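Asks: Pasting a structure below so you can have a look.
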Amino acid sequence: MISVISHNIISPIGDTSLQNYSAVKAGNSALSRYEGKWQLPEPFFASLFTDQQNRAIQLDGKTRFESLVIASISKALENVSVDVHSPRSILILSTTKGNVELLADSSHFNNPEKELPGSAANTIASHFGFSTKPIVVCNACISGVSALVLARRLLESKLYDNAVVCGADVQSAFIVSGFQSFKALSPDNCRPFDESRVGLNLGEAAATIVLTRQTEVHDNQWYIISGGVRNDANHISGPSRTGEGSYRALLTLGAPEEELAFINAHGTATLYNDEMESIALDRAGYHSVTINALKGYYGHTMGAAGILETIISMCAVDDNTVIATRGYEKKGVSGNISVSNINAPTDNQSFIKLLSGFGGCNAALWVGRGADYANKKTASNLNAPLMQQGCSKGSVTHRVSITPEGVTLDGVVLSTEQKGKALLTELYKANVGDYPKFYKMDVMTRLGFMASELLLKAEGKERFTPCENRAVILFNRTSSLIADKAHQESINDPAAFFPSPSVFVYTLPNIITGEIAIRNKYYGETSFYILEQYDETVINQVLEASFLDTHTTSIIAGWVDCESEELFNAQMYIVEKEY
Amino acid sequence: MATAELINEVKEHIIDVLHLEDITPADIENDAPLFGDGLGLDSIDALELIVMLEKQYGIRIANPADGKDVFKSVTSIAEFVASHKA
């Protein structure tokens with residue numbers, strides 16, 4: 001069983017999980033209006049650390065982001081005996097943009113190694129003396145729950161014994177201007193699920209959960225019972241009108257409504273997200289359990305959200321309380337769900353954490369306290385034949401390589417004329433031709449998209465039939481570096497400040513997995529991971545563990561990395577589960 | 001009224017910012033709906049057109065809902081631009 005042995009939250013309203021929980025229970029928030037901050041032309045409403053808080057966290061030789069992560073992990077490790085030096089312990093870092101604020105400095109812009117999330121993760125892992133390679137989960141707004149799902153699987157597969165899972169993001173002109181270009185920000189306190197909601201608030205925080213695989217059962221212990229990630233296969237930024245991915249992610253859990261204290265939703269307070277979630281929850285039959293959202297206290301803390309909100313939810317159940325949805329007054333969503341703005345009592349000992357994000361991804365996690373949940377056999381778990389038998393291995397059925405120099409498919413060199421970026425367009429024209437969305441994609445997404453098209457062509461099966469058993473799981477080193485630079489350039493000059501939503505959306509590398517899911521109507525898992533460098537062992541571990549999903553029987557997987565428009569490398573393959 | 005020259009200019013901007021490869025201004029009908037069937041544009045494209053109006057013509061649309069009438073067709077965009085130039 002996978003147990004939570006420690007946790008911490010560092011946010012503008014507290015330095016420990018309990019301080020944070022007490023502040024939330026009392027209805028407090030650090031959300032406030034910022035004008036002229038980071039020279040942004042428009043004001044915004046957010047939950048940010050004060051200068052004093054930033055100074056207290058800051059470590060010599062580390063960035064603000066790294067210092068914050070180190071502070072949270074240090075506190076989480078204070079009172080537990082986890083040997084982080086052991087080859088059986090791993091660091092999993094959940095972040096959407098990590099050190100991206102460094103790009104505003106031209107010295108980093110031209111030498112962006114330090115900006116890369118894998119580099120930050122390595123710095124943090126070295127600080128604590130981990131002997132294993134850290135994994136960065138970069139799955140847009142679901143990253144936090146994705147990271148917990150990955151950690152649970154790696155421990156369940158017995159690949160590791162302990163996982164330190166930290167989620168964090170710090171805000172910057174880069175992120176705020178991007179969300180402003182999406183017209184997604186609320187000019188005042190956000191109002192999740194409310195009829196007058198107009199958008200989200202952004203927030204800063206770090207949150208850490210330490211997981212271990214245990215055999216002894218304890219009454220007050222928290223356990224990760226089940227978790228799943230599903231795609232809408234609908235749009236890279238707009239949520240599904242039928243709540244498709246969230247609905248399917250909820251179904252993977254096997255969590256009966258009568259056992260739940262509450263469902264902690266994403267509840268960003270954008271018009272479309274909250275409406276989508278209400279439909280997904282309604283479809284999944286969660287009509288009477290209270291749905292709450294914590295964005296009215298913290299704003300959207302991005303990479304931290306899934307972990308922070310899971311911790312506050314555990315503290316709430318420990319306190320027999322369902323936390324009020326701050327900012328909510330009158331129901332403004334069509335789904336048949338129950339939301340409340342008053343703290344309420346509960347005796348139930350488990351909850352669901354739900355998230356959704358750009359790239360069409362959705363994640364759900366069922367977490368429970370006490371012996372009843374230690375070895376819970378959910379209906380969905382029972383469907384997974386390998387759950388109790390360690391990990392399975394997959395076999396590669398098709399393989400493609402695309403570099404600026406050429407293309408190899410299943411060992412055969414394809415005849416091409418172009419080099420570099422033009423090669424991708426040549427491949428598109430020769431092999432697809434009727435999918436004009438291709439031209440809207442950034443170069444890394446074009447690369448991954450064309451690699452998947454060639455693989456599926458080689459596979460030769462019927463295409464575009466909706467399915468949930470094929471996952472898309474990709475890895476790289478440079479995250480979304482090209483899109484990051486393009487977005488940074490659009491905001492560098494105050495006199496020519498034109499952040500573009502179609503550029504900003506590709507600053508999330510997992511968009512590539514969403515594009516493949518949309519094209520092929522894949523409702524299964526989509527995940528994106530970043531490593532400091534290509535590491536076949538870690539990639540294979542993650543893929544093996546990914547077959548623990550309730551549905552996944554094959555994966556479009558591999559490496560898709562872009563250093564520049566003319567320097568890229570895709571090594572992708574289809575892996576089929578071996579029984 | 002928007003001139004033919006302005007209409008053509010708007011089409012070129014649309015093709016450019018929305019990456020409508022293989023489409024020329026002549027392929028876009030002046031009064032055909034841009035969203036839905038038409039060119040198959042989506043919500044990100046609508047936001048991108050808001051950026052285009054600000055960048056090219058200095059016209060700001062704060063609330064994306066206000067863009068709905070403006071972005072009906074190329075003619076409606078050009079007329080909106082012309083009315084702000086006047």
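Asks: When you check A:Ile482 against the structure, is it open to solvent by 30 Å² or more (accessible area, probe 1.4 Å), within 21 Å of A:Val136 (Cα to Cα), touching a helix residue (DSSP H, G or I) at 6+ places or on another chain (Cβ under 7 Å) and among the aliphatic types (A, V, I, L, M), yes or no?
Replies: Spelling it out, A:Ile482 is indeed open to solvent by 30 Å² or more (accessible area, probe 1.4 Å), within 21 Å of A:Val136 (Cα to Cα), touching a helix residue (DSSP H, G or I) at 6+ places or on another chain (Cβ under 7 Å) and among the aliphatic types (A, V, I, L, M).
Asks: In the range A:158-180, what residues are open to solvent by 10 Å² or more (accessible area, probe 1.4 Å) and out of contact with any strand residue (DSSP E or B) (no Cβ under 6 Å at 6 or more places or on another chain)?
Replies: A:Lys158, A:Leu159, A:Ala173, A:Gln180, listed by residue number.
Asks: I want to confirm something. Restricting to the range B:40-58 and keeping residues that are more than 7 Å from chain A (Cβ to nearest Cβ) and of a type in the set (A, V, I, L, M), which single residue is farthest from A:Pro494 (Cα to Cα)?
Replies: Among residues in the range B:40-58 that are more than 7 Å from chain A (Cβ to nearest Cβ) and of a type in the set (A, V, I, L, M), the one farthest from A:Pro494 (Cα to Cα) is B:Leu41.
Asks: Please identify the pairs in which a residue from the range A:160-182 that is within 14 Å of another protein chain (Cβ to nearest Cβ) and closer than 30 Å to A:Ile224 by Cα has its Cβ atom under 7 Å from the Cβ atom of a residue that is open to solvent by 10 Å² or more (accessible area, probe 1.4 Å) and hydrophobic (A, V, I, L, M, F, W, C), counting only partners at least 6 apart or on another chain.
Replies: Final answer for the pair search is none.
Asks: Return the residue satisfying two criteria in turn: it lies in the range A:497-513 and is facing chain B (nearest Cβ under 9 Å) and not β-branched (Val, Ile, Thr), and of such residues it is surrounded by the fewest Cβ atoms within 10 Å (Cβ to Cβ).
Replies: Within the range A:497-513, the match that is surrounded by the fewest Cβ atoms within 10 Å (Cβ to Cβ) is A:Phe498.
Asks: Suppose we filter the range A:232-258 for residues that are closer than 17 Å to B:Ser43 by Cα and of a type in the set (Gly, Ala, Ser); how many remain?
Replies: Number satisfying all stated conditions: 4.
Asks: Of the residues A:Ala471, A:Ala458, only one is under 21 Å from A:Ile530 (Cα atoms) and touching a His at 6+ places or on another chain (Cβ under 9 Å); which? Explain how you work it out, then say what you get.
Replies: Working: A:Ala458 fails: under 21 Å from A:Ile530 (Cα atoms).
Going through A:Ala471, A:Ala458 in turn, the sole match is A:Ala471.
Asks: Taking only pairs six or more apart or across chains, which ones have beta-carbon atoms under 6 Å, a first residue in the range A:199-226 that is touching a residue at least 60 places away in the same chain (Cβ under 8 Å) and aromatic (Phe, Trp, Tyr), and a second residue that is in a strand (DSSP E or B) and surrounded by fewer than 24 Cβ atoms within 10 Å (Cβ to Cβ)?
Replies: These pairs meet every condition: A:Trp222/A:Val4; A:Trp222/A:Arg369; A:Tyr223/A:Ser3.
Asks: Regarding the range A:220-231, can at least one residue be identified that is within 27 Å of A:Leu271 (Cβ to Cβ), part of a loop (DSSP other than H, G, I, E, B) and more than 14 Å from every other protein chain (Cβ to nearest Cβ)? Lay out the reasoning, then the answer.
Replies: Taking the range A:220-231 as the starting set, the residues that turn out to be within 27 Å of A:Leu271 (Cβ to Cβ) are A:228-231.
Now narrow it down to the ones that are part of a loop (DSSP other than H, G, I, E, B): none.
No, the conditions are met nowhere in the range A:220-231.
Asks: Give the range A:27-44 a look and list any residue that's part of a strand (DSSP E or B) and either open to solvent by 50 Å² or more (accessible area, probe 1.4 Å) or over 14 Å from A:Pro12 (Cα atoms) (or both), or say none.
Replies: Answer for the range A:27-44, where residues must be part of a strand (DSSP E or B) and either open to solvent by 50 Å² or more (accessible area, probe 1.4 Å) or over 14 Å from A:Pro12 (Cα atoms) (or both): A:Arg33, A:Tyr34, A:Phe44.
Asks: B:Asp69 fails exactly one of the following numbered conditions: (1) facing chain A (nearest Cβ under 8 Å); (2) open to solvent by 50 Å² or more (accessible area, probe 1.4 Å); (3) in contact with a helix residue (DSSP H, G or I) (Cβ under 9 Å, 6 or more places away or on another chain). What is the number of that condition?
Replies: Of (1) facing chain A (nearest Cβ under 8 Å); (2) open to solvent by 50 Å² or more (accessible area, probe 1.4 Å); (3) in contact with a helix residue (DSSP H, G or I) (Cβ under 9 Å, 6 or more places away or on another chain), only one is false for B:Asp69: (1).
Asks: Only one of (1) of a type in the set (S, T, N, Q); (2) in contact with a helix residue (DSSP H, G or I) (Cβ under 7 Å, 6 or more places away or on another chain); (3) part of a helix (DSSP H, G or I) fails for A:Gln180. Which number is that?
Replies: Tallying (1) of a type in the set (S, T, N, Q); (2) in contact with a helix residue (DSSP H, G or I) (Cβ under 7 Å, 6 or more places away or on another chain); (3) part of a helix (DSSP H, G or I), A:Gln180 fails exactly one: (2).
Asks: Continuing with the same structure: Give the residue, chosen from A:Val400, A:Val412, A:Val396, that is over 28 Å from B:Gly40 (Cα atoms), open to solvent by less than 50 Å² (accessible area, probe 1.4 Å) and among the aliphatic types (A, V, I, L, M).
Replies: The match here is A:Val400.
Asks: Checking the structure you have, find out if any residue of the range B:20-28 is closer than 22 Å to A:Ser237 by Cα, under 10 Å from the mean Cα position of the chain (by Cα) and of a type in the set (A, V, I, L, M, F, W, C). Outline the logic, then answer.
Replies: The first filter runs over the range B:20-28 and keeps only residues closer than 22 Å to A:Ser237 by Cα, leaving B:20-21.
Remaining after also requiring under 10 Å from the mean Cα position of the chain (by Cα): none.
No.
Asks: List pairs: first in the range B:11-38 and away from chain A (no Cβ under 14 Å) and over 17 Å from B:Met52 (Cβ atoms), second open to solvent by 80 Å² or more (accessible area, probe 1.4 Å) and modelled with pLDDT of 90 or more, Cβ under 7 Å, 6+ apart or cross-chain?
Replies: What qualifies is B:Pro33/B:Lys72.
Asks: Do you know which of the residues in the range A:236-249 that are more than 17 Å from the chain's Cα centre (by Cα) and within 14 Å of chain B (Cβ to nearest Cβ) is farthest from A:Leu150 (Cα to Cα)?
Replies: Result: A:Arg241.
Asks: Looking at A:Arg248 and the list (1) surrounded by 22 or more Cβ atoms within 10 Å (Cβ to Cβ); (2) in contact with a helix residue (DSSP H, G or I) (Cβ under 8 Å, 6 or more places away or on another chain); (3) of a type outside the set (S, T, N, Q), which single condition is not satisfied?
Replies: (2)
Asks: Ok, one more. How many residues are touching a Phe, Trp or Tyr at 6+ places or on another chain (Cβ under 9 Å) and either among the hydrophobic types (A, V, I, L, M, F, W, C) or under 21 Å from B:Arg60 (Cα atoms) (or both) when one looks only at the range A:472-488?
Replies: Of the residues in that region, 8 qualify.
The values are calculated or read from the model by the stated rules, or taken from the named source; none is laboratory data. The structure displayed is predicted, hence computed values, not measured ones. All Cβ positions, glycine included, derive from the backbone under ideal geometry; neighbour counts span all protein chains shown. When the accessible area is computed, the model is the full protein with side chains, heavy atoms only, and any ligands, DNA or RNA have been set aside. Shrake-Rupley method; radii C 1.70, N 1.55, O 1.52, S 1.80 Å.
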